[in-house]
Protein chains: 2
Amino acid sequence: MDGGSPGKDDPGHAAVVDLLGALAYGELSAFDRIAEDARTAPTLAGRADLASMAAAEIGHFRLLEEHLAGLGVLAEDAMRPFAAAIDAYHQVTAPHDWLESLVKVYLGDGLAADFYREVAGWVPEPTSSLVRQVLADTGHSAFAEREVAAAIEGSRQVRDRLALWGRRLLGEAISQAQHVVAERDGLAEFFVRSSGDLSGIAALFKKLQTQHNRRMGTLGLN
Amino acid sequence: MDGGSPGKDDPGHAAVVDLLGALAYGELSAFDRIAEDARTAPTLAGRADLASMAAAEIGHFRLLEEHLAGLGVLAEDAMRPFAAAIDAYHQVTAPHDWLESLVKVYLGDGLAADFYREVAGWVPEPTSSLVRQVLADTGHSAFAEREVAAAIEGSRQVRDRLALWGRRLLGEAISQAQHVVAERDGLAEFFVRSSGDLSGIAALFKKLQTQHNRRMGTLGLN
């Protein structure tokens, strides 16, 4: 039914399911996290904006769920191996206030999008197009840039605190990603094969780091 | 720009804005509440289902927001007078577990839908059609009926506890609605005028109560 995708016995199939499962759980937990942040919004308009962003994540989740069903896989089965690592990331990076929430959503979404944009080039169609589609900006960016810029304008202390926060988020994300790959041989092989070799993976990490720093700069946190 | 609607100086305009504002805040707080309940779902599939229902509430909220904008009113201004009463309702009826959450969503949505279906007959087009549209079932019903039926099948104790819970929800909803109407003369006048007289309001309450009891029966809680 899905001629362009590898068969179930192909190791590539397992890696594609893993990547979609991790992305799907990422969307579901983004929904959770943004819905919770919405409650701390300082205005009713901000609360409605954040709630809409959370709803957009669920729209993406549903697309991934349908696509996985087409591959003969239940979303919950595909997501399960990644729930612990993604939950752990959110637990150790629980924001302490509204600004930390915004910075986390902005930098975290950017990092995930950069990573999946690379991966989209390594998987067959129609999965590749789907991955690009669910990475579409849900409207966080402009909103977060505006709010953070206003907050750090008058306070070097707030800026320093948020800069430290931004660097920590990258460290925690990489740490959890390493746990996942260490536990899933098939996924590790997929990365090595797709990126060329081990130095290809190092280059990918370097690239993600550079783009993260660029985004920190856009927020005024460099 | 909205020829069918009363002008701003018409007392009917204020009542329509009030009703839409209360409905909009109801959707926004339903989003919050269902998003929170999703986190306590016993399975990943149940969690994804509830998250989708929450997202549907935001879809409805956006329709109301657009319609209010067409009447020249910001949603946050229309919602503000009703936030305290709706928040108070949710605070005194905070569910203690997953089953209480499901019963609350099922009965609460049903009650709100019955109320607004009556009101839709009292307001001009296109508001009337919009109100009917946002009352469309977001998919809670079948899901809640199935889960609650399974839970009470083997336990009279669970059934009795949930039956008590269902009766309490109606009492608290009526109590908060009375607070709101007591504080907003224009809204009270609108109800009296629209329903005919004070006995018309009594008849409406009676009807809502009967339909609530019928839904309790559908859940097996009579």
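The values are calculated or read from the model by the stated rules, or taken from the named source; none is laboratory data. Because the structure is a prediction, the values reported are computed rather than measured. Here Cβ is always computed from backbone atoms with ideal geometry, including for glycine, and neighbour counts include all displayed protein chains. When the accessible area is computed, the model is the full protein with side chains, heavy atoms only, and any ligands, DNA or RNA have been set aside. Shrake-Rupley method; radii C 1.70, N 1.55, O 1.52, S 1.80 Å.
Assorted remarks:
- Checked against the criterion of being modelled with pLDDT of 95 or more and among the hydrophobic types (A, V, I, L, M, F, W, C), the candidates A:LEU208, A:LEU221, A:LEU162 yield just one match: A:LEU162.
- Positions within region B:196-218 being over 18 Å from the mean Cα position of the chain (by Cα) and in contact (Cβ under 8 Å) with a residue 24 or more places away in the chain, in sequence order: B:THR218
- Within region A:31-47, the set of residues being small (Gly, Ala, Ser) and at pLDDT below 90 comprises A:ALA38, A:ALA41, A:ALA45, A:GLY46.
- A:GLU27, sole failed condition from (1) surrounded by fewer than 24 Cβ atoms within 10 Å (Cβ to Cβ); (2) assigned to a helix (DSSP H, G or I): (1)
- Within region B:156-173, none of the residues are of a type in the set (Val, Ile, Thr) and touching a residue at least 60 places away in the same chain (Cβ under 8 Å).
- B:GLY72, sole failed condition from (1) more than 10 Å from every other protein chain (Cβ to nearest Cβ); (2) surrounded by fewer than 24 Cβ atoms within 10 Å (Cβ to Cβ); (3) in a helix (DSSP H, G or I); (4) modelled with pLDDT of 90 or more: (3)
- Odd one out for A:ASP114 among (1) farther than 19 Å from A:LEU187 by Cβ; (2) touching a residue at least 12 places away in the same chain (Cβ under 8 Å): (1)
- Residues of region A:30-49 that turn out to be more than 17 Å from B:HIS60 (Cβ to Cβ), surrounded by 22 or more Cβ atoms within 10 Å (Cβ to Cβ) and free of Cβ contacts under 8 Å to residues at least 24 places away in the same chain, as a count: 0
- Residues in region A:54-69 that are within 20 Å of A:LEU130 (Cβ to Cβ), facing chain B (nearest Cβ under 10 Å) and not charged (D, E, K, R): A:ALA55, A:ALA56, A:ILE58, A:GLY59, A:PHE61.
- Selection of region A:8-24 for residues being modelled with pLDDT of 90 or more and not in a helix (DSSP H, G or I) yields an empty set.
- Residues that are open to solvent by less than 20 Å² (accessible area, probe 1.4 Å) and touching a residue at least 40 places away in the same chain (Cβ under 8 Å) within region A:50-60 comprise A:MET53, A:GLU57, listed in sequence order.
- Within region B:75-110, the residues that satisfy the criterion of being of a type in the set (Val, Ile, Thr), in a helix (DSSP H, G or I) and surrounded by 18 or more Cβ atoms within 10 Å (Cβ to Cβ) are B:ILE86, B:VAL103, B:VAL105.
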